[in-house]
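What follows is one structure encoded as structure tokens, with my remarks underneath.
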């Protein structure tokens, strides 16, 4: 049974919950940005705060993936963490170097794809090991 992940049931549930929370957080980020761009939002402050909060499930996923039972997801969780850190860097440098700032939404799309794929892998009916 290669590819079968054996982890404590509570660890599996927490890991899956963090993945879903991260995916929801990325979707909310796009929504908040759209609200601000089209004049319905309160500004970029909410988007920035939510972006910081998004670090919690992303870091949690990576730390949990270091356990032996969840190592099959370590690469995805590590990639998500790296792309999240790039996202923060792009946001910080965007006002100084606008061309880097322009990559912020593109990198956000990459975060969405990585997170979606992770959630998909964690869903048993879609080939997940849990």
Inset, instruction - For the stretch 113-130, state whether one or more residues are touching a residue at least 40 places away in the same chain (Cβ under 8 Å), in a helix (DSSP H, G or I), over 15 Å from residue 26 (Cα atoms) and touching a helix residue (DSSP H, G or I) at 6+ places or on another chain (Cβ under 9 Å). - result: yes
Inset, instruction - Could you please let me know if residue 52 is part of a helix (DSSP H, G or I) and within 24 Å of residue 120 (Cβ to Cβ)? - result: no
Legend entry - Matching entry among 63, 80 (being at pLDDT 95 or above and either crowded, with 17+ Cβ neighbours inside 10 Å or not in a helix (DSSP H, G or I) (or both)): 80
Inset, instruction - Output yes when any residue across the stretch 63-75 is over 27 Å from residue 9 (Cα atoms), free of Cβ contacts under 8 Å to residues at least 60 places away in the same chain and more than 10 Å from the chain's Cα centre (by Cα), and no when none is. - result: no
Legend entry - residue 90 closer than 30 Å to residue 8 by Cα and either surrounded by 13 or more Cβ atoms within 10 Å (Cβ to Cβ) or without any contact (Cβ under 8 Å) to a residue 24 or more places away in the chain (or both): no
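The values are calculated or read from the model by the stated rules, or taken from the named source; none is laboratory data. What you see is a predicted model, and the numbers here were worked out from it, not measured in a lab. Positions of Cβ are generated from backbone atoms using ideal geometry, with glycine treated the same way; all protein chains shown enter the neighbour counts.
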